[in-house]
Amino acid sequence: MRLSAEVSSALDAGRAVVALESTILAHGLPPGRNRTVAARLEDVVRAAGAVPATIAVLRGEPVVGLTGAELDRVCDPDAGLVKLSRRDLAPAAALGRDGATTVAATAALAARAGIRVFATGGLGGVHRGAASSFDVSADLDVLAGTPVLVVCSGVKSVLDIGATLEALETRSVPVLGFGTDAFPAFYLRESPYPAPWRVDTAEQAAAVTRAHLAGGTGGLLLANPVPVGAEMPRELHDRLLADGLALLADRAVTGKDVTPVLLEHFHTASAGVSLDTNEELVVANATLAAAVAVALAG
Ligand code: PSU
Ligand code: MN
(Lines give C-alpha, C1' and ligand atoms only; values in the text may rest on other atoms or scores of the structure.)
(Ligands and ions follow the chains in the order given, each with its own letter.)
Protein backbone atom coordinates (compact mmCIF):
# COMPACT_ATOMS: atom_id res chain seq x y z
CA MET A 1 0.00 0.00 0.00
CA ARG A 2 1.33 3.47 -0.89
CA LEU A 3 0.37 6.57 1.11
CA SER A 4 0.98 9.99 -0.42
CA ALA A 5 3.54 12.08 1.46
CA GLU A 6 0.81 14.54 2.47
CA VAL A 7 -1.50 11.85 3.88
CA SER A 8 1.32 10.05 5.60
CA SER A 9 2.64 13.16 7.36
CA ALA A 10 -0.88 14.25 8.36
CA LEU A 11 -1.52 10.84 9.94
CA ASP A 12 1.84 10.87 11.72
CA ALA A 13 1.05 14.30 13.15
CA GLY A 14 -2.46 13.25 14.22
CA ARG A 15 -4.09 15.74 11.83
CA ALA A 16 -7.52 15.26 10.26
CA VAL A 17 -7.67 13.03 7.16
CA VAL A 18 -10.78 12.08 5.15
CA ALA A 19 -10.81 9.02 2.90
CA LEU A 20 -12.74 9.27 -0.40
CA GLU A 21 -13.75 6.35 -2.63
CA SER A 22 -13.14 5.93 -6.35
CA THR A 23 -16.01 3.69 -7.53
CA ILE A 24 -18.32 6.69 -7.39
CA LEU A 25 -15.87 8.40 -9.79
CA ALA A 26 -15.14 5.54 -12.19
CA HIS A 27 -18.53 3.81 -12.17
CA GLY A 28 -21.03 6.17 -10.54
CA LEU A 29 -20.59 9.43 -12.50
CA PRO A 30 -20.14 10.08 -16.23
CA PRO A 31 -16.72 10.89 -17.73
CA GLY A 32 -15.76 14.54 -17.42
CA ARG A 33 -18.19 15.23 -14.64
CA ASN A 34 -16.40 12.63 -12.49
CA ARG A 35 -13.14 14.59 -12.66
CA THR A 36 -14.71 17.89 -11.62
CA VAL A 37 -16.47 16.15 -8.72
CA ALA A 38 -13.20 14.49 -7.68
CA ALA A 39 -11.51 17.89 -7.52
CA ARG A 40 -14.43 19.51 -5.71
CA LEU A 41 -14.45 16.79 -3.05
CA GLU A 42 -10.78 17.30 -2.32
CA ASP A 43 -11.25 21.09 -2.28
CA VAL A 44 -14.07 21.05 0.28
CA VAL A 45 -12.14 18.67 2.53
CA ARG A 46 -9.14 20.99 2.45
CA ALA A 47 -11.29 24.08 2.99
CA ALA A 48 -12.61 22.47 6.18
CA GLY A 49 -9.06 21.91 7.44
CA ALA A 50 -8.54 18.22 6.67
CA VAL A 51 -6.39 16.30 4.19
CA PRO A 52 -8.23 14.34 1.46
CA ALA A 53 -7.14 10.80 0.66
CA THR A 54 -8.83 9.45 -2.45
CA ILE A 55 -8.22 5.70 -2.65
CA ALA A 56 -7.87 3.33 -5.65
CA VAL A 57 -5.71 0.44 -6.83
CA LEU A 58 -3.22 1.30 -9.59
CA ARG A 59 -1.12 -1.39 -11.28
CA GLY A 60 -1.94 -3.66 -8.39
CA GLU A 61 -0.89 -1.20 -5.73
CA PRO A 62 -3.45 0.23 -3.30
CA VAL A 63 -2.89 4.01 -3.27
CA VAL A 64 -4.12 6.19 -0.40
CA GLY A 65 -4.01 9.82 -1.53
CA LEU A 66 -4.12 9.92 -5.34
CA THR A 67 -2.17 12.59 -7.22
CA GLY A 68 -3.92 14.78 -9.81
CA ALA A 69 -2.57 12.58 -12.62
CA GLU A 70 -3.79 9.46 -10.82
CA LEU A 71 -7.25 11.02 -10.42
CA ASP A 72 -7.20 11.70 -14.19
CA ARG A 73 -6.56 8.01 -14.77
CA VAL A 74 -9.31 6.84 -12.41
CA CYS A 75 -11.77 9.19 -14.15
CA ASP A 76 -10.74 8.16 -17.69
CA PRO A 77 -13.24 5.67 -19.15
CA ASP A 78 -10.56 4.38 -21.55
CA ALA A 79 -8.40 3.33 -18.61
CA GLY A 80 -10.93 0.53 -18.03
CA LEU A 81 -10.81 0.38 -14.26
CA VAL A 82 -12.60 -2.57 -12.72
CA LYS A 83 -14.94 -2.21 -9.76
CA LEU A 84 -13.17 -3.60 -6.71
CA SER A 85 -14.99 -4.69 -3.60
CA ARG A 86 -12.91 -5.88 -0.66
CA ARG A 87 -12.74 -9.45 -1.95
CA ASP A 88 -11.19 -8.17 -5.19
CA LEU A 89 -8.20 -6.48 -3.54
CA ALA A 90 -5.92 -9.53 -3.52
CA PRO A 91 -6.67 -10.59 -7.12
CA ALA A 92 -6.15 -7.01 -8.34
CA ALA A 93 -2.88 -6.72 -6.41
CA ALA A 94 -1.50 -10.08 -7.51
CA LEU A 95 -2.49 -9.55 -11.15
CA GLY A 96 -1.33 -5.91 -11.28
CA ARG A 97 -4.69 -4.46 -12.27
CA ASP A 98 -6.15 -0.96 -12.03
CA GLY A 99 -9.38 -0.69 -10.10
CA ALA A 100 -11.77 1.69 -8.39
CA THR A 101 -12.62 0.82 -4.80
CA THR A 102 -16.18 0.55 -3.46
CA VAL A 103 -17.17 1.57 0.05
CA ALA A 104 -16.16 -1.90 1.28
CA ALA A 105 -12.71 -1.86 -0.30
CA THR A 106 -12.09 1.82 0.48
CA ALA A 107 -13.06 1.39 4.14
CA ALA A 108 -10.73 -1.59 4.48
CA LEU A 109 -7.78 0.29 2.96
CA ALA A 110 -8.54 3.48 4.90
CA ALA A 111 -8.59 1.62 8.20
CA ARG A 112 -5.36 -0.17 7.31
CA ALA A 113 -3.78 3.25 6.70
CA GLY A 114 -5.07 4.55 10.06
CA ILE A 115 -7.78 6.85 8.65
CA ARG A 116 -10.95 6.96 10.77
CA VAL A 117 -13.34 9.05 8.65
CA PHE A 118 -14.56 8.29 5.13
CA ALA A 119 -17.06 10.14 2.93
CA THR A 120 -19.13 8.74 0.07
CA GLY A 121 -22.49 9.20 -1.62
CA GLY A 122 -24.51 6.19 -0.57
CA LEU A 123 -23.66 2.98 1.23
CA GLY A 124 -24.40 -0.28 -0.56
CA GLY A 125 -27.08 -2.40 1.07
CA VAL A 126 -29.73 -5.08 0.73
CA HIS A 127 -31.19 -5.07 -2.79
CA ARG A 128 -34.90 -5.48 -3.48
CA GLY A 129 -35.56 -9.14 -4.04
CA ALA A 130 -32.51 -10.12 -2.00
CA ALA A 131 -34.52 -12.91 -0.39
CA SER A 132 -34.13 -14.83 -3.64
CA SER A 133 -31.13 -13.13 -5.34
CA PHE A 134 -28.98 -12.97 -2.17
CA ASP A 135 -27.74 -9.57 -3.43
CA VAL A 136 -26.52 -7.87 -0.27
CA SER A 137 -23.61 -5.44 -0.65
CA ALA A 138 -20.33 -6.40 1.00
CA ASP A 139 -20.34 -2.81 2.30
CA LEU A 140 -22.49 -3.99 5.23
CA ASP A 141 -20.30 -6.81 6.50
CA VAL A 142 -17.12 -4.85 5.94
CA LEU A 143 -18.44 -1.81 7.80
CA ALA A 144 -19.42 -4.07 10.69
CA GLY A 145 -15.83 -5.25 11.07
CA THR A 146 -13.81 -2.17 10.09
CA PRO A 147 -13.10 0.69 12.51
CA VAL A 148 -14.14 3.66 10.38
CA LEU A 149 -16.94 6.24 10.30
CA VAL A 150 -18.71 6.28 6.92
CA VAL A 151 -20.46 9.57 6.14
CA CYS A 152 -23.11 9.11 3.45
CA SER A 153 -26.64 10.18 2.46
CA GLY A 154 -28.19 6.95 3.66
CA VAL A 155 -28.69 4.28 1.05
CA LYS A 156 -30.07 4.55 -2.47
CA SER A 157 -33.82 4.17 -2.80
CA VAL A 158 -33.11 1.50 -5.40
CA LEU A 159 -32.31 -0.74 -2.42
CA ASP A 160 -34.61 -2.25 0.19
CA ILE A 161 -34.00 0.47 2.78
CA GLY A 162 -35.89 -1.23 5.61
CA ALA A 163 -34.01 -4.49 5.11
CA THR A 164 -30.71 -2.59 4.94
CA LEU A 165 -31.43 -0.93 8.30
CA GLU A 166 -32.30 -4.35 9.76
CA ALA A 167 -29.02 -5.77 8.42
CA LEU A 168 -27.08 -2.90 9.99
CA GLU A 169 -28.77 -3.59 13.33
CA THR A 170 -27.95 -7.30 13.08
CA ARG A 171 -24.31 -6.38 12.42
CA SER A 172 -24.19 -3.98 15.39
CA VAL A 173 -23.40 -0.94 13.24
CA PRO A 174 -24.50 2.31 14.95
CA VAL A 175 -26.54 4.53 12.59
CA LEU A 176 -26.71 8.27 13.29
CA GLY A 177 -28.91 10.77 11.46
CA PHE A 178 -27.24 14.15 11.08
CA GLY A 179 -29.77 16.84 12.01
CA THR A 180 -32.62 14.47 11.18
CA ASP A 181 -34.85 11.89 12.83
CA ALA A 182 -35.51 10.17 9.48
CA PHE A 183 -33.00 7.92 7.74
CA PRO A 184 -32.21 9.65 4.42
CA ALA A 185 -32.78 7.99 1.03
CA PHE A 186 -29.90 9.34 -1.06
CA TYR A 187 -31.77 11.35 -3.76
CA LEU A 188 -34.48 12.19 -1.19
CA ARG A 189 -33.96 13.75 2.24
CA GLU A 190 -36.20 11.28 4.01
CA SER A 191 -37.05 7.60 3.78
CA PRO A 192 -40.09 6.26 5.66
CA TYR A 193 -37.70 4.79 8.27
CA PRO A 194 -36.41 6.51 11.41
CA ALA A 195 -32.70 6.99 12.04
CA PRO A 196 -31.86 5.00 15.19
CA TRP A 197 -29.84 7.93 16.67
CA ARG A 198 -29.65 11.62 15.98
CA VAL A 199 -26.70 14.01 16.28
CA ASP A 200 -26.81 17.70 15.43
CA THR A 201 -23.17 18.74 15.40
CA ALA A 202 -19.86 17.46 14.06
CA GLU A 203 -18.59 17.41 17.66
CA GLN A 204 -21.40 15.06 18.70
CA ALA A 205 -20.66 12.81 15.72
CA ALA A 206 -16.97 12.81 16.68
CA ALA A 207 -17.79 11.93 20.30
CA VAL A 208 -19.91 8.96 19.21
CA THR A 209 -17.22 7.86 16.76
CA ARG A 210 -14.52 8.05 19.44
CA ALA A 211 -16.67 6.01 21.83
CA HIS A 212 -17.55 3.35 19.27
CA LEU A 213 -14.04 2.97 17.88
CA ALA A 214 -12.70 2.65 21.43
CA GLY A 215 -14.97 -0.38 21.80
CA GLY A 216 -13.00 -1.96 19.00
CA THR A 217 -15.85 -3.79 17.29
CA GLY A 218 -16.10 -2.06 13.95
CA GLY A 219 -17.44 0.94 12.08
CA LEU A 220 -20.43 3.23 12.14
CA LEU A 221 -22.63 5.26 9.82
CA LEU A 222 -23.40 8.98 9.81
CA ALA A 223 -26.36 9.60 7.52
CA ASN A 224 -26.51 13.15 6.17
CA PRO A 225 -29.57 14.15 4.12
CA VAL A 226 -28.94 15.76 0.71
CA PRO A 227 -28.99 19.60 1.05
CA VAL A 228 -32.52 21.04 0.83
CA GLY A 229 -32.19 22.78 -2.54
CA ALA A 230 -30.57 19.74 -4.19
CA GLU A 231 -33.19 17.09 -3.42
CA MET A 232 -34.81 15.40 -6.45
CA PRO A 233 -38.51 16.07 -7.07
CA ARG A 234 -40.26 13.06 -5.54
CA GLU A 235 -42.50 12.28 -8.57
CA LEU A 236 -39.50 12.29 -10.92
CA HIS A 237 -37.60 10.08 -8.49
CA ASP A 238 -40.43 7.56 -8.14
CA ARG A 239 -40.91 7.33 -11.92
CA LEU A 240 -37.20 6.81 -12.60
CA LEU A 241 -37.00 4.20 -9.90
CA ALA A 242 -39.90 2.19 -11.33
CA ASP A 243 -38.44 2.41 -14.87
CA GLY A 244 -34.95 1.54 -13.60
CA LEU A 245 -36.13 -1.56 -11.79
CA ALA A 246 -38.01 -2.68 -14.91
CA LEU A 247 -34.89 -2.10 -17.01
CA LEU A 248 -32.81 -4.30 -14.69
CA ALA A 249 -35.33 -7.11 -15.09
CA ASP A 250 -35.53 -6.66 -18.90
CA ARG A 251 -31.77 -6.72 -19.37
CA ALA A 252 -31.24 -9.38 -16.68
CA VAL A 253 -28.66 -7.20 -14.96
CA THR A 254 -27.24 -8.81 -11.81
CA GLY A 255 -24.31 -8.68 -9.42
CA LYS A 256 -21.89 -5.78 -9.36
CA ASP A 257 -23.45 -4.19 -12.46
CA VAL A 258 -26.77 -3.47 -10.72
CA THR A 259 -25.70 -0.26 -8.95
CA PRO A 260 -23.83 1.34 -11.92
CA VAL A 261 -26.66 0.49 -14.37
CA LEU A 262 -29.31 2.00 -12.09
CA LEU A 263 -27.25 5.13 -11.43
CA GLU A 264 -26.70 5.62 -15.15
CA HIS A 265 -30.38 5.18 -15.84
CA PHE A 266 -31.20 7.88 -13.29
CA HIS A 267 -28.59 10.24 -14.75
CA THR A 268 -29.67 9.85 -18.39
CA ALA A 269 -33.43 9.56 -17.88
CA SER A 270 -33.50 12.64 -15.62
CA ALA A 271 -31.37 14.62 -18.10
CA GLY A 272 -28.83 15.28 -15.38
CA VAL A 273 -31.16 16.21 -12.51
CA SER A 274 -30.06 13.17 -10.48
CA LEU A 275 -26.46 13.96 -11.35
CA ASP A 276 -26.71 17.38 -9.72
CA THR A 277 -28.32 15.77 -6.68
CA ASN A 278 -25.59 13.13 -6.54
CA GLU A 279 -22.82 15.72 -6.79
CA GLU A 280 -24.30 18.01 -4.13
CA LEU A 281 -24.90 15.21 -1.65
CA VAL A 282 -21.42 13.77 -1.92
CA VAL A 283 -19.88 17.25 -1.63
CA ALA A 284 -21.98 17.86 1.50
CA ASN A 285 -20.85 14.52 2.92
CA ALA A 286 -17.18 15.29 2.29
CA THR A 287 -17.63 18.67 3.98
CA LEU A 288 -19.30 17.09 7.02
CA ALA A 289 -16.73 14.28 7.15
CA ALA A 290 -13.94 16.85 7.25
CA ALA A 291 -15.62 18.68 10.13
CA VAL A 292 -15.95 15.40 12.06
CA ALA A 293 -12.34 14.45 11.30
CA VAL A 294 -11.18 17.86 12.57
CA ALA A 295 -13.23 17.42 15.76
CA LEU A 296 -11.81 13.92 16.23
CA ALA A 297 -8.24 15.15 15.78
CA GLY A 298 -8.72 18.08 18.18
N1 PSU B 1 -22.55 6.04 -3.87
C2 PSU B 1 -22.62 6.83 -4.97
N3 PSU B 1 -22.21 6.28 -6.16
C4 PSU B 1 -21.68 5.02 -6.23
C5 PSU B 1 -21.60 4.21 -5.06
C6 PSU B 1 -22.04 4.78 -3.90
O7 PSU B 1 -23.06 7.97 -4.90
O8 PSU B 1 -21.27 4.61 -7.31
C9 PSU B 1 -20.96 2.84 -5.10
C10 PSU B 1 -20.13 2.65 -3.82
O11 PSU B 1 -18.80 2.40 -4.20
C12 PSU B 1 -20.75 1.44 -3.15
C13 PSU B 1 -21.22 0.68 -4.34
O14 PSU B 1 -19.83 0.75 -2.36
O15 PSU B 1 -21.81 1.72 -5.15
C16 PSU B 1 -22.18 -0.42 -3.98
O17 PSU B 1 -22.12 -1.39 -4.98
P18 PSU B 1 -22.73 -2.86 -4.72
O19 PSU B 1 -24.19 -2.57 -4.52
O20 PSU B 1 -22.45 -3.64 -5.98
O21 PSU B 1 -22.07 -3.40 -3.48
MN1 MN C 1 -24.36 -6.60 -5.09
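The values are calculated or read from the model by the stated rules, or taken from the named source; none is laboratory data. Just so you know, these numbers come straight off a predicted model, no measurement behind them. Here the Cβ positions follow ideal geometry from the backbone for every residue, glycine too, while neighbour counts run over all protein chains shown. Ligands, DNA and RNA are excluded from the accessible area calculation, which covers all protein heavy atoms including side chains. Shrake-Rupley method; radii C 1.70, N 1.55, O 1.52, S 1.80 Å.
A few comments on the model shown:
- Evaluated with a Cβ-only charge set (Lys, Arg +1; Asp, Glu -1), region 2-297 carries a dipole of roughly 580 debye about its Cα centre, given to the nearest 20.
- Kyte-Doolittle mean at least 0.5 and Cα axial length at least 30 Å: DSSP H helices in the chain: 273-297
- Kirkwood hydrodynamic radius computed over region 59-125 comes to 12.5 Å, based on all pairs of distinct alpha carbons.
- For the chain: accessible area per residue (Å², 1.4 Å): 40 Å²
- Counting only DSSP H runs of at least 4 residues, each contributing -39500 (n - 2.57), and dividing by the residue count of the chain, the helix-based mean residue ellipticity at 222 nm comes to -14500 deg cm²/dmol.
- Accessible carbon and sulfur surface of the chain relative to its total accessible area, %, 1.4 Å: 54 percent
- Report note on the peptides 29-38, 144-153: ranked by the mean count of other C-beta atoms within 10 Å, highest first, their order is 144-153, 29-38.
- Of Leu247, Ala205, Val282, farthest towards positive along the dipole that unit charges on Lys, Arg, Asp, Glu beta carbons give region 2-297: Ala205
- Kirkwood Rh and Cα Rg combined as Rg over Rh, evaluated for the chain: 0.93
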